[in-house]
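Each remark here refers to the structure printed beneath this line.
The values are calculated or read from the model by the stated rules, or taken from the named source; none is laboratory data. Keep in mind that this is a model prediction, so the values were computed, not measured. No Cβ is skipped: glycine too gets one built from the backbone with ideal geometry, and neighbour counts run over all protein chains shown.
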Amino acid sequence: MEGNHYILGVDIGGTSISVGAVPTGGGPVIGMRSMPTDAHEGGEFVFNRIVNMVRDILTDEAHREHFRQEDVIGIGLGSPGPLDRRMGVVFETINLGWSNFPLRDEIAEKLGLEAELDNDANAATLGEWWQGAARGFDHVLGVTIGTGIGGGIVLAGEVYHGASDVAAEFGHMTIDSAGRKCGCGNHGCLEAYASGPAIAARAVEGIEAGATSLMLGMVHGDLKLITAEKVFEAIIAGDRYANEVMLETARLLGVGLANLINILNPGIVVLSGGVTRAGDHLLVPLRKEIEQRAFVRASESCRVCIGELGDMAGVIGAAAIFHIARLGPL
């Protein structure tokens, strides 16, 4: 290829959809934009929102100094799963209203561009490896902690997918066999304790049981309005109970991550997603828990950090997915 070319990265989440143009040789994302997923409107609505966002970035005159529509060579899609990247099909995403949906081919046909599909957490991990916190590492674990908990494994620049594209579903490791019911139908999954909605649910349960918290006033007594973000705000305001909720969250995540570190011996674990906005309130006790549980040689050789790319990780990684599939290694 001659001249500058770009790949559009599309990061599809249960809460928001982000799109941006990524140079094939790496570099800053151009035209980055995000919109609410509004998945309650249904699967067709979500699909059309993706199409309209891509069309918007392709036709936006404000980007003409960077790229023309003909400079865009394809689209990388990062979607919740389970999915089959070879077929380009999303099997079941209850939150998005898709079932056996050929997302890759539908997007390609609608927009007239070649497309590639992978798991959204794989994309975020690959993005951090290519241009973020995991640059230079050969053994990378990515953990996304938001509406759910997902994961990705990157080994020497390649995503590890497993036998049927369901590798690295870290959120569904069992940490308590008789524990909380998870949305997947199992009991005791990490996601049922440490995802954003689970943090909020645990906080509400404590307040209902009599815990005193500033959160009650923050939501004017309406416990349905308590979110993980409210827990973080209460911690900053000095709420002792909210801090206890976060410490327990860090402990539970530490149990899960120590298991992964002992099994996979990564050089770095990169955390991303909305829950990481808690910063050191999460990270410090999480690292301590890992040090207590993982083998010394495994934990000492592993850096645990929050990603550098923020909301751009999934977009950059989605573009990387297309690059690897169509252009070769990064």
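Can you confirm whether R86 is assigned by TED's automatic domain parsing to the domain that holds N52, farther than 23 Å from A21 by Cα and basic (K, R)?
Numbers: assigned by TED's automatic domain parsing to the domain that holds N52: yes; farther than 23 Å from A21 by Cα: yes; basic (K, R): yes.
Yes.
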Fill in: Some residue of segment 225-234 being more than 20 Å from the chain's Cα centre (by Cα), among the acidic types (D, E), assigned to a loop (DSSP other than H, G, I, E, B) and modelled with pLDDT of 95 or more
no
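Find the residue count for segment 247-274, including only residues that are under 18 Å from A123 (Cα atoms), outside any loop (DSSP other than H, G, I, E, B) and at pLDDT 95 or above.
In the first step, residues of segment 247-274 are kept if they are under 18 Å from A123 (Cα atoms); the result is 266, 268-274.
Pick out the ones that are also outside any loop (DSSP other than H, G, I, E, B) and you get 268-272, 274.
Of the ones still in play, those that are also at pLDDT 95 or above are 268-271.
Within segment 247-274, residues that are under 18 Å from A123 (Cα atoms), outside any loop (DSSP other than H, G, I, E, B) and at pLDDT 95 or above number 4.
When only residues in segment 19-41 that are of a type in the set (A, V, I, L, M, F, W, C) and either more than 21 Å from E92 (Cβ to Cβ) or in a loop (DSSP other than H, G, I, E, B) (or both) count, which is farthest from the chain's Cα centre (by Cα)? Don't jump to the end; show me each part of the working.
Taking segment 19-41 as the starting set, the residues that turn out to be of a type in the set (A, V, I, L, M, F, W, C) are 19, 21-22, 29-30, 32, 35, 39.
Retained after the next criterion (residues that are either more than 21 Å from E92 (Cβ to Cβ) or in a loop (DSSP other than H, G, I, E, B) (or both)): 19, 21-22, 29-30, 32, 35.
On the way: V19: 14, A21: 19, V22: 18, V29: 18, I30: 20, M32: 17, M35: 16 Å.
The extreme case among them is I30.
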Worksheet entry | The lone exception for S272 - which of (1) surrounded by fewer than 20 Cβ atoms within 10 Å (Cβ to Cβ); (2) of a type in the set (S, T, Y); (3) touching a Ser or Thr at 6+ places or on another chain (Cβ under 6 Å); (4) over 23 Å from V204 (Cβ atoms) it fails | (1)
Response to the item:
Selection from segment 190-223 of residues in contact (Cβ under 8 Å) with a residue 12 or more places away in the chain and either assigned to a loop (DSSP other than H, G, I, E, B) or on the phi > 0 side of the Ramachandran plot (or both) yields L190, S195, A211, T212, S213, L214
Worksheet entry | Number of the condition not met by E44 [criteria: (1) in a helix (DSSP H, G or I); (2) within 17 Å of I75 (Cα to Cα); (3) among the acidic types (D, E)] | (2)
Worksheet item: If you check L253, L260, L214, which single one turns out to be within 22 Å of the chain's Cα centre (by Cα) and surrounded by fewer than 24 Cβ atoms within 10 Å (Cβ to Cβ)?
Response: L260
Worksheet, complete the sentence: Residue pairs qualifying under the 9 Å Cβ cut-off, at least six apart or on distinct chains, with the first in segment 279-303 being closer than 20 Å to H139 by Cα and in the same structural domain as N265 (by TED's automatic domain parsing) and the second being among the charged types (D, E, K, R) and modelled with pLDDT under 95, are none
Worksheet item: Do any residues in segment 104-131 that are touching a residue at least 24 places away in the same chain (Cβ under 8 Å) have Cβ atoms under 9 Å from those of residues that are among the aromatic types (F, W, Y) and assigned to a helix (DSSP H, G or I), where the two are at least six apart or on different chains, and which pairs are they?
Response: E106/F47; I107/F47; K110/F47; E114/F322; A115/F322; E116/F322; A121/F170
Worksheet item: What residue, among those in segment 61-96 that are in a loop (DSSP other than H, G, I, E, B) and exposed (fewer than 14 other Cβ atoms within 10 Å of the Cβ), is modelled with the lowest pLDDT?
Response: I94
Worksheet entry | Search result, residues across segment 1-36 that are of a type in the set (S, T, Y), at pLDDT 95 or above and closer than 18 Å to D120 by Cβ | S18, S34
